[in-house]
Amino acid sequence: MHPVARARLVLARRPWIHWAATITLAGAVAFVVQGRLTEVERARDAWGRTTTVYVASRAHEPGDALAVHPAEVPEAMVPSAAITDHAEGATVRQRMAQGEIVTDVDLVARPGLAAGAPAGTVVVAVAGDPARYLPIGSQVQISADGLIVADTATVTGVVDDVAFVAVDRSVAAAVAAAEQAGLATILLVP
């Protein structure tokens, strides 16, 4: 007798075998489906609810006016310092890519040429021809008469051939005196 015919005969005489195999297979499929659904729920729970934040509408450079639009993102992606108010037109402190979530750190707290100055610094004006080519946010050094007066300085603004640089409070007076004497020189830091 052919094996298929023999299997049919056994199943015809003992239907419980057929039903046991069917129930076992259905249980295995249900187990796999339940496992996948649990994974999906875990992933959904990990991302949580969504919230509205403001993201950059275009790429920004330091000193640019902020352009934003609202976007719905999972709460798990939102940094703690993300802005919650519409800040269109605020001044940008650092480079931002299009679509980046805007945070308090990205925006300047004060208006004017001291806007991009880090906390604990003083902004001093330093004149010189290379000043007009310095992008806002550039890291520079200030020297006078062959000596480094300010080891670290950040360009916060440029007007014509005058660079406004944020320097540590401890060296601000020396930088201002060197500028007044016509000795201050801006050194570019690569």
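For region 1-14, the count of residues that are within 49 Å of the chain's Cα centre (by Cα) and farther than 30 Å from A87 by Cβ is zero. Among residues of region 42-60 that are closer than 16 Å to I83 by Cβ, those with a beta-carbon under 7 Å from a residue that is charged (D, E, K, R) and modelled with pLDDT of 85 or more at least six positions away or on a different chain give the pairs T52/E72; V55/E100; A56/E100; H60/R95. Out of curiosity, is A81 under 23 Å from P118 (Cβ atoms), within 18 Å of the chain's Cα centre (by Cα) and outside the structural domain of Q139 (by TED's automatic domain parsing)? Here the answer is yes, as A81 does meet what is asked. Residue under question is R93, and the condition is that it be of a type in the set (K, R) and out of contact with any Gly (no Cβ under 8 Å at 6 or more places or on another chain); does it hold? The answer is no for R93.
Anything in region 61-78 that is under 26 Å from T154 (Cβ atoms) and surrounded by 13 or more Cβ atoms within 10 Å (Cβ to Cβ)? List them, or say none. Of everything in region 61-78, those that are under 26 Å from T154 (Cβ atoms) and surrounded by 13 or more Cβ atoms within 10 Å (Cβ to Cβ) turn out to be P62, G63, D64, L66, A67, V68.
Does G116 satisfy being within 30 Å of T51 (Cβ to Cβ), crowded, with 17+ Cβ neighbours inside 10 Å, modelled with pLDDT under 90 and not assigned by TED's automatic domain parsing to the domain that holds D64?
On the way: within 30 Å of T51 (Cβ to Cβ): yes; crowded, with 17+ Cβ neighbours inside 10 Å: yes; modelled with pLDDT under 90: yes; not assigned by TED's automatic domain parsing to the domain that holds D64: yes.
Yes, satisfied.
Applying the condition of being among the hydroxyl-bearing types (S, T, Y) and in contact with a Leu (Cβ under 8 Å, 6 or more places away or on another chain) to region 127-186 and asking which residue is surrounded by the most Cβ atoms within 10 Å (Cβ to Cβ) yields T156.
Does region 37-57 hold any residues that are of a type in the set (V, I, T) and in contact with a strand residue (DSSP E or B) (Cβ under 9 Å, 6 or more places away or on another chain), and which are they?
Initial filter on region 37-57 (of a type in the set (V, I, T)): 38, 40, 50-53, 55.
Answer for region 37-57, where residues must be of a type in the set (V, I, T) and in contact with a strand residue (DSSP E or B) (Cβ under 9 Å, 6 or more places away or on another chain): T50, T51, T52, V53, V55.
Screening the candidates A56, A81 for the property of being surrounded by 11 or more Cβ atoms within 10 Å (Cβ to Cβ) and touching a Gly at 6+ places or on another chain (Cβ under 7 Å) yields one hit, A56.
The values are calculated or read from the model by the stated rules, or taken from the named source; none is laboratory data. All values derive from a computational prediction rather than experimental measurement. Note: ideal-geometry Cβ built from the backbone for every residue, glycine included; neighbour counts use all protein chains shown.
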